[in-house]
1. Can you name every residue in region 39-77 that is farther than 22 Å from residue 92 by Cα and either small (Gly, Ala, Ser) or under 26 Å from the mean Cα position of the chain (by Cα) (or both)?
2. Looking only at region 176-216, count every residue that is among the charged types (D, E, K, R) and either in contact with a strand residue (DSSP E or B) (Cβ under 8 Å, 6 or more places away or on another chain) or under 18 Å from residue 133 (Cβ atoms) (or both) and tell me the total.
3. Tell me yes or no: at least one residue of region 135-145 is exposed (fewer than 15 other Cβ atoms within 10 Å of the Cβ) and part of a strand (DSSP E or B).
4. Which of the residues belonging to region 77-108 are farther than 21 Å from residue 236 by Cα and touching a Phe, Trp or Tyr at 6+ places or on another chain (Cβ under 8 Å)?
5. How many residues does region 30-47 hold that are of a type in the set (Lys, Arg) and under 24 Å from residue 71 (Cα atoms)?
6. For a quick check of your reading of the model, give me the residue pairs whose first member lies in region 193-206 and is at negative phi, whose second is part of a helix (DSSP H, G or I), with beta-carbon atoms closer than 7 Å and at least 6 apart or on different chains.
7. List pairs: first residue in region 113-124 and surrounded by 15 or more Cβ atoms within 10 Å (Cβ to Cβ), second residue of a type in the set (Val, Ile, Thr) anywhere in the structure, Cβ distance under 7 angstrom, at least six positions apart or on different chains.
8. Condition first: surrounded by fewer than 12 Cβ atoms within 10 Å (Cβ to Cβ) and touching a residue at least 24 places away in the same chain (Cβ under 8 Å). Now tell me which residues in region 31-56 satisfy that.
Amino acid sequence: MVLFRVRLYLIPFTSNGADLVLFEHSGGSQVLADALLNNVKVKPVYYHRVTAIKEVQGDDYQSMLLTADRRDDPRIVNDTFERKYSNVICTLPLSVIRTVDLEDTYLSIGQRNALRELLYSPSVKVGIQFKTPWWEELGIFGGQSHTDRPARSVVYPSYGPGVGGGAKSNVLIASYNGMQDSQRLGALMKGRDSSEEKILLNLIMNDLAAIHNVPIEKIWEQYVDYYAWDWYSSSFSLGQHSCLYHSYLSLTLSLLF
């Protein structure tokens with residue numbers, strides 16, 4: 001999965017587009033998850049946050065007891081779930097596995113060190129909806145712009161048509177970056193209408209004006225709404241992806257497997 005992600009990441013920087021054929025899921029990537037869900041026999045359960053996995057001593061350590069927290073489920077009263085399984089396949093990111101109690105599960109010292117040491121990159125994304133795709137007036141149809149300003153990367157929609165008569169969508173990924181700059185922007189993501197996110201939005205809009213050499217007033221006139229996301233602040237990921245340093249990643253994976 002890591003190598004697959006590296007390849008996808010390199011495409012915009014290494015391909016001239018002549019031999020590149022891309023496909024998209026009509027309706028968004030959610031349709032892929034929905035199709036997979038329709039084809040599995042045992043459906044997943046929701047609102048079950050795993051809090052502990054342990055080997056059962058009374059079963060000669062041949063079974064695993066899984067404990068889950070269901071307090072987020074509005075449909076039930078009992079907030080604890082426990083069940084024994086012969087095997088548990090855990091697909092959580094290692095950053096999230098660190099929040100699960102594995103004290104009574106046998107792991108080697110190397111495996112425990114790998115869980116603790118594998119680095120996950122921070123990353124943020126800020127999407128902004130505009131009345132019209134004003135960047136098309138500048139001759140921009142898809143692709144990316146890069147800057148040393150806090151926004152770092154701007155990704156233009158390559159699909160459409162959008163509302164307002166545009167050839168493409170009128171929603172812009174106004175900022176997509178990682179590492180230190182993303183942590184700085186992530187510190188401003190305190191919830192809609194918070195004073196911090198007002199600072200964030202002003203910062204991104206000023207960057208867009210500077211990058212495209214367009215008056216800031218014109219960009220604000222086009223503004224409709226925004227959505228900001230910080231992968232390190234999500235309890236489901238606690239980081240975007242594992243850091244892709246070859247020697248470091250190879251050592252960590254060898255300890256895990």
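Each reported figure results from applying straightforward, stated rules to the coordinates on display, with no laboratory input. Just so we're clear, the structure is a prediction, and the values are computed from it rather than from any experiment. Note: ideal-geometry Cβ built from the backbone for every residue, glycine included; neighbour counts use all protein chains shown.
1. 58, 74 - these are the residues of region 39-77 that are farther than 22 Å from residue 92 by Cα and either small (Gly, Ala, Ser) or under 26 Å from the mean Cα position of the chain (by Cα) (or both).
2. Step one: of region 176-216, the residues among the charged types (D, E, K, R) are 181, 184, 190, 192-193, 196-198, 207.
Pick out the ones that are also either in contact with a strand residue (DSSP E or B) (Cβ under 8 Å, 6 or more places away or on another chain) or under 18 Å from residue 133 (Cβ atoms) (or both) and you get 197, 207.
Of the residues in that region, 2 qualify.
3. Checked region 135-145: at least one residue is exposed (fewer than 15 other Cβ atoms within 10 Å of the Cβ) and part of a strand (DSSP E or B).
4. 106
5. Just the residues of region 30-47 that are of a type in the set (Lys, Arg), to begin with: 41, 43.
Within this subset, residues satisfying the condition of being under 24 Å from residue 71 (Cα atoms) are 43.
Going through region 30-47 one residue at a time, the tally reaches 1.
6. 200/185; 205/216; 205/219; 205/220; 206/216
7. 114/252; 115/97; 118/252
8. 46
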